[in-house]
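Comments concern the structure below.
The values are calculated or read from the model by the stated rules, or taken from the named source; none is laboratory data. Just so it is clear, the structure is predicted and the values come from calculations on it, not from any experiment. Cβ coordinates were reconstructed from backbone atoms using ideal geometry, including for glycine residues, and neighbour counts include every protein chain displayed. The protein model used for the area step is the full one, side chains on, heavy atoms only, and it has no ligands, DNA or RNA in it. Shrake-Rupley method; radii C 1.70, N 1.55, O 1.52, S 1.80 Å.
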Amino acid sequence: EAVRNQQRAIALEAAAGEPYRMASVNYTNLLIELGRADDALAFGVPLLERLQSTRHSWGLDGVQANLAAAWLAQGRAPQARALAHAAWAQRALVESQPTWADHLAWLAGLEGRPRDAARLLGHADALYAVRRHTRQGVELQSYAQAVALATAALGSAEVERLRAEGAALDDDAAERVAFADASLG
């Protein structure tokens with residue numbers, strides 16, 4: 001039902017000539033939540049190409065974050081890393097740092113960097129608390145995957161210690177952690 005409703009919203013958006021495509025961005029999010037990463041990528045990559053030629057920061061950031069999450073769900077860390085790195089500069093403009101921190105924590109876990117994953121989780125926790133937001137849908141999936149990977153590698157006590165350390169990171173430090181050399185593990 002949610003898929004059908006979102007498809008109707010997309011049709012209305014197209015009929016209205018809506019250039020920002022938020023219903024379409026939300027559709028990519030829904031597909032990922034439903035475990036349909038392949039469909040999210042098939043729909044979202046062309047959407048990303050269309051949005052890159054607009055000035056709509058919210059839609060562009062949303063589809064970029066959703067596509068990064070879809071690639072992570074497929075275990076395609078290099079694609080997720082490249083997109084996240086390209087999108088990083090605009091995250092403050094649309095206040096999407098907590099979302100990106102969750103996705104980047106999962107990325108770090110997939111890249112065999114569990115300490116960085118735990119620190120980024122702590123950074124995300126602090127950002128959600130400051131903004132009085134909660135994780136939803138795709139962010140919860142990224143969070144759960146990052147926690148599982150970090151905990152499996154380090155144990156709960158070390159993950160909690162590193163999360164507390166990550167809570168103190170500023171944006172520049174979080175960027176260094178997030179985009180650390182993946183080959184260094």
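Extension gain for the segment ARG76 to GLN90, taken as residue separation times 0.36 nm less the Cα-Cα distance, is 2.8 nm to one decimal. When peptides 25-38, 105-118, 2-15 are sorted by average Cβ neighbour count within 10 Å, with the highest value leading, the order is 105-118, 25-38, 2-15.
Computed in the context of the full set of protein chains, the accessible area of the chain at 1.4 Å probe radius has 54% of its extent on carbon or sulfur. Heavy-atom accessible surface of GLU1, to the nearest 10 Å², is about 120 Å², with a 1.4 Å probe and all protein chains retained. The share of Cα pairs per 5 Å bin across segment 1-104, counted from zero up to the longest distance, runs 2, 14, 24, 26, 19, 10, 4, 0 percent. Between the C-alpha center of segment 143-168 and that of segment 68-98 there is a gap of 20 Å.
Based on DSSP H segments of at least four residues, each scored -39500 (n - 2.57), the chain has a per-residue ellipticity at 222 nm of -24000 deg cm²/dmol.
Inter-label distance, VAL130 to ALA153: 2.5 nm, where each label sits 7 Å from its Cα along the C-beta direction. Only protein heavy atoms count here; under a 1.4 Å probe, HIS85 has an accessible surface of about 110 Å². Using the average count of surrounding beta-carbon atoms within 10 Å as a protection proxy, the listed peptides 61-67, 133-139 rank, highest first, as 61-67, 133-139.
Surface exposure of the chain, expressed per residue as accessible area with a 1.4 Å probe, stands at 48 Å².
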